[in-house]
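The structure under discussion appears below in the form of structure tokens.
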Amino acid sequence: MMKRLTLGLLLVLVVTFVFACNKKEDTGAVQPDDPPEEVVEKTEPEPEPKPEPEPEEEVFENQFPLTGIGTNEDVDYRAFGVMIENSRSARPQTGLYQADLVYEVLSEGTITRLLAFYHSEKPEVIGPVRSARDYYINLNNGYNGIYVSAGGSPQAFAMIQNRQVDHIDGLAYDGRYLWRSSERRAPHNMYTSYNDLLKAAEHAGHALITPVPSLTFFDDESIIGGDEALEVTINYGSSTNNVVYRYDQELESYIRHVGGEKIVDYKEEEIPVTTDNLFIVEMSHRVIDNVGRRAIDITSGGNALLVQNGVYQYVDWENIDGQILPVKDGERLNFVQGKTWINVVPNLDQSVNITK
């Protein structure tokens, strides 16, 4: 009995020992490694983007003398001063929007005529070309222009015959360097081109390489003071011929209207006639014959309005070396770069109305 008990106890001890060993082995089993620490690569901070350099202002070799606009072209050649008709039968004109400088002055009655200077632009068609007046010849000579006309007053013919101007006679060159358009009736149908005028000038023996007396201009950053002028009306005594200039904010220039209609180019119908400078000058007018021709005092100076960039100011005008120029407090004023129209009127207060 005792022996059997001893064996049973021994068996229990063995089983207990084996179980304990197995448990120890389980707890000592190799555990999986901890996950490796994430390696963060160090990167250099991205540099701040450099500001784009401002475009360099283009520097031009020359400046067109009648517009002040820069160019790398040669500018030392003469301008053509062309007489352009402005009656109802002649409107709209062709190539007028390409003129650098235009004088508008009464010829007969309530009809004005235009003296258009061509220099920086060279139109393929210019016209209609009409007759000369003595005061237009004097205005032309202020810019040493080659004067172009067809017919004229006795006073103008006398100046031409006395060689007081380099002249291209449209009637003498009709059919060669000037032509008649079938789209209009005579005498409202004579046209020419810049290239034809060059040929006519060479044929007539006129010098072509002579600098044009220059106007003076503001730089691009100049600020012009004055009172608002969004619309300027000039009364020439007829609803058919009265002129209105309306300021266009987008173009930053004045669009010309005559007889209630916007003036566009006859060939390029989408292109209006505009001006960046409107200079209105008061000059003494005197009728001298039964046709209604006038003598106009272009030398004595007087009252004027200078309209630029949507504003106007009262100034004076002086004839300086043949050019009609704005002056204030004895100082010559500048023009805005671009095109200029000089409108001559008999009386500033009666002829001009400004809408603010």
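The values are calculated or read from the model by the stated rules, or taken from the named source; none is laboratory data. These numbers come from a predicted model, not from an experiment. Cβ atoms come from the backbone with ideal geometry, glycine included; neighbour counts cover every protein chain shown. These area figures cover heavy atoms from the full protein model, side chains too; ligands, DNA and RNA do not enter into them. Shrake-Rupley method; radii C 1.70, N 1.55, O 1.52, S 1.80 Å.
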Report, by residue number, each residue of the stretch 90-112 that is surrounded by fewer than 22 Cβ atoms within 10 Å (Cβ to Cβ), in a loop (DSSP other than H, G, I, E, B) and among the charged types (D, E, K, R).
-> ARG91
Verdict on ASP265 being among the acidic types (Asp, Glu) and in contact with a Phe, Trp or Tyr (Cβ under 6 Å, 6 or more places away or on another chain) | yes
What residue, among those in the stretch 186-220 that are among the charged types (D, E, K, R) and modelled with pLDDT of 95 or more, is surrounded by the fewest Cβ atoms within 10 Å (Cβ to Cβ)?
-> GLU202
Taking interchain pairs and intrachain pairs at least six residues apart, which have beta carbon atoms under 8 angstrom, with the first residue in the stretch 287-308 and more than 22 Å from ILE137 (Cα to Cα) and the second in a loop (DSSP other than H, G, I, E, B) and open to solvent by less than 20 Å² (accessible area, probe 1.4 Å)?
-> VAL307/ALA229
Selected residue [open to solvent by less than 40 Å² (accessible area, probe 1.4 Å) and among the polar types (S, T, N, Q)] from THR274, THR240 = THR274
SER300 vs. criteria more than 20 Å from GLY81 (Cβ to Cβ), open to solvent by 50 Å² or more (accessible area, probe 1.4 Å) and at pLDDT 95 or above | yes
Filter the stretch 118-172 for residues that are of a type in the set (Phe, Trp, Tyr) and not in a strand (DSSP E or B); the one that is surrounded by the most Cβ atoms within 10 Å (Cβ to Cβ) is TYR136
What pairs can you find where one residue is in the stretch 63-83 and farther than 24 Å from GLY205 by Cα, the other is basic (Lys, Arg) and open to solvent by 10 Å² or more (accessible area, probe 1.4 Å), and their Cβ atoms are less than 7 Å apart, with a gap of 6+ or different chains?
-> THR67/LYS339
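Need a quick list: strands (runs of 3 or more DSSP E) entirely within the stretch 194-258 having at least 1 residues that are among the polar types (S, T, N, Q) and farther than 30 Å from ASP174 by Cβ.
231-234, 253-258
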